Every structure is written in C-alpha cells, then in structure tokens.
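The structure appears below as structure tokens.
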Amino acid sequence: MELLRGEGVAVDEAVNGQEAVERIQRKHYDAVLMDIQMPVMDGLQAARRIRRLGQAPGGARFAELPIIAMTALAMASDAQASQDAGMNDHIAKPIDPDHLLATISRWMKAPGLPVPGAEPGGTPAGPGGHGGEHAGGPPRLPADLLALGHLDAADGVRRIGGRPAPYRKQLRRFRAQYGGAIETLRELLAQENTAAAEAHCHALKGVAGNLGARALFAHVSEIDALLKQDQVPDAAQLDAAETLLRGVLADIDSLADEAPPPAPAVPPTPAALRALVERLRRALGTDLGAVEPLLDELDRGAAGTPLQPAVREIAARIDRFELDAALALLASLPIPPEDAP
C-alpha cells in the first residue's frame, strides 16, 4: 500500500477473500492484487467467485477485472493454480517494486504508472533496480539504518516505495508481531499441528523477505519447504532460525525511538475529537486505506492528554487487524464533555 500510494494509486484493502468479493461488487476497481493465503476465504477461492459473477447477466466487469496473484510461493505449479482460478498474472513475494508496477501497468486499462528500470514486457532490470526514487538511484538512508547488520535496509526501503519512515514502522510491527515467532513455531510442532506451523512459517518468510532480512528469509524458506513436504525441521534448524531472528530483533532494537507527535498548538475540541473518532469508525468498516492518516491525526490530537495511551492501544489493535477490539476501544474512548475545563 505504501509503495502504490507513493505512485499516486488509490488503494483499498480487504482482510480476506470473502471481503474482497464483497468489495468488488460494491465498487468498480481497475485491478485486484489477490493474496493467495488468507483466512476465511483464500485468494484462489475468491478469484473463482469473482469469475463466476462474470458469468451472470450484467457481470461483464467481473469477467474482465484484472486479478493479479500475490504469493510467497514461487513454483510453476503455483502460477498455474492462480491461472486456473481465473487470475491474469502472478507476482511472487517478496515483492519487487519494479516488477509490481510493470505488471499492474500492463493489465490496467489506463496504464501510466512509472516503471523504473523495467524492460518492455515488465521484466525488472535486475536486483539493483530501484523503486520510489526514480531519478536519483537508491534512496539515501539515515546512518542508523545503514549500520544494521542483519537487515538489508536499502532493499527493505526499496520494497516499500523508497521512504525510510514507513520502513521503520514496518520494523516496529515486525518486532511486536513476530518477536516470538520461532517459539510459536516450536509450540505448533510440539502439538503436531503441521498445517498451522506451515501457515505461520509461510507468513514469517514473506515478512522477512519484504523487510530485507535476507539470512532469516533464506533459512525460514528452507524450513517452510520441509513443512510443505510434511517433514519436521530438526532442533538444530530451529535453533539457527532463533539465532537469526534474534539478530534481526537486535537490529530493530538498536534504532532510535521515533519522536512522539507534537501536541497541536490549539488542542482539538471534544466535538472535533468525536467527529474524528466517528470518521475512523466508519473507515474501519468501509475503507482501511483511510485508517492510517486518521489514526495519525487522532494521535496528534491526543498528544499530551490522558487519551493518548488509549489511542496507542487502538492503533496496536488495528495493526494486528483486531478490528472488533479496536472498534470497542473507540466506542469507550473517554473524550471529555464539551464544557470540561
């Protein structure tokens, strides 16, 4: 989303395949980027549902809608499965920005996205291609990012659109959500829950690749391949993954804390805060793409007030897609009455 918005693309996000099918019926889209492994309904099922809508009277737009698969699976059989489900193209994760933009531009009816370093046909110029910094080469990174030893920050920043600030945010999210990833994997394997272990490993692999955690990505990919063959990794392989993960977490912990947002010169009135909360509540139900700027605005408005811890907790819940919990916290946000001192 960061990458595409940086190129001027309007992006909506669905949290699972069922929601994707519902959204495309309510609104006309130029293209769909369809993740394969999702809860509730996976991407292959969702694509088939959309194509079936195209067979109904008046459903031509669903038959013609470009659907591009996104998956950390990169074997030819996976690309074939996506095609058999009715998708137009296939992009492997971790995402290469040049290839992503080239693919979207090729399938959208109104192409015009910049495609830095891509040859005709959408082939990236090579691993050194850049995204987000079209004319000036790779983005200039702050010294603390350049000093990281277990993260290729230049690669991670490139994959998120060339801006260090969103990359830092993704690193913090990784720290919060995957800090105990290998311990969780051990527990799932001890429970002989191979399917859940494979799904967990698959997710960790994709995120590690997008962040530029190259060694962790490579090692977790090997474990993921074993699990897909119903083989259990041995203790030494899990220990090595734990060591690599700790190195990545140490890198993240070495980064300077982001400065808190400054309190506004004129604090927002309770009425303005309530209006902002209502906009955020609606966005959580209809437009996840609008949520982040509204959260930032609410965080600034709550800076230096007793509301700030609750607002931070709401943001953390949204980061983990715990939307029902976030909505409940929003509803109970203790905004003072209008006549409060």
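The values are calculated or read from the model by the stated rules, or taken from the named source; none is laboratory data. Note that this is a predicted model, so its numbers are computed, not measured. FYI the Cβ positions are ideal-geometry reconstructions off the backbone, even for glycines, and counts take in every protein chain you see. These area figures cover heavy atoms from the full protein model, side chains too; ligands, DNA and RNA do not enter into them. Shrake-Rupley method; radii C 1.70, N 1.55, O 1.52, S 1.80 Å.
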Where a label projected 7 Å from the Cα of A190 along Cα→Cβ would reach, residues of segment 231-250 with amide N under 16 Å:
233-236, 238-239, 242
In segment 286-317, which residues have a backbone nitrogen under 12 Å from the label point lying 7 Å from R26's Cα in the Cα-to-Cβ direction?
286-289
Give me the 1.4 Å probe accessible area per residue for segment 182-341, excluding ligands and nucleic acids, in Å².
53 Å²
Label segment 1-98 by shape, choosing from rounded, prolate and oblate, from the square roots a ≥ b ≥ c of the eigenvalues of the Cα gyration tensor; if a/c is under 1.5 it is rounded, and otherwise prolate applies when a/b is larger than b/c, oblate when it is not.
oblate
What does the charge dipole of the chain about its Cα centre add up to, to the nearest 20 debye, if the Cβ of each Lys and Arg holds +1 and the Cβ of each Asp and Glu holds -1?
880 debye
Over segment 137-251, the quotient of the Cα radius of gyration and 2.2 N^0.38 Å is 1.10
Can you tell me the accessible area per residue over segment 29-99, all protein chains present, probe 1.4 angstrom, in square angstrom?
47 Å²
Could you tell me which of M38, A60, G212 has its Cα farthest along the dipole of the chain towards the positive end, charges placed at Cβ (Lys, Arg +1; Asp, Glu -1), taken about the Cα centre?
A60
Return the inverse of the average 1/r over all pairs of distinct C-alpha atoms in the chain, which is the Kirkwood hydrodynamic radius, in Å to one decimal.
22.0 Å
Per principal axis, largest first, the Cα atoms of segment 280-330 extend in Å by 30, 18, 15
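Over the chain, what percent of the accessible surface lies on carbon and sulfur atoms, probe 1.4 Å? Numbers along the way, then the final one.
Details: 9460 of 17210 Å².
So the carbon and sulfur contribution to the accessible surface is 55 percent.
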Which whole-angstrom value gives the distance between the alpha carbon centres of segment 23-67 and segment 315-335?
29 Å
Show that you can apply the helix-only estimate: for the chain, add -39,500 (n - 2.57) for every DSSP H stretch of four or more residues, divide by all residues, and state [θ] at 222 nm to the nearest 500.
-17000 deg cm²/dmol
Mind running the shape call on segment 210-341? Use the C-alpha gyration tensor, a ≥ b ≥ c as the square roots of the eigenvalues: rounded below 1.5 for a/c, prolate if a/b tops b/c, oblate otherwise.
prolate
Radius 10 Å from Cβ of A20, net charge of other residues (Lys, Arg +1; Asp, Glu -1)
-3
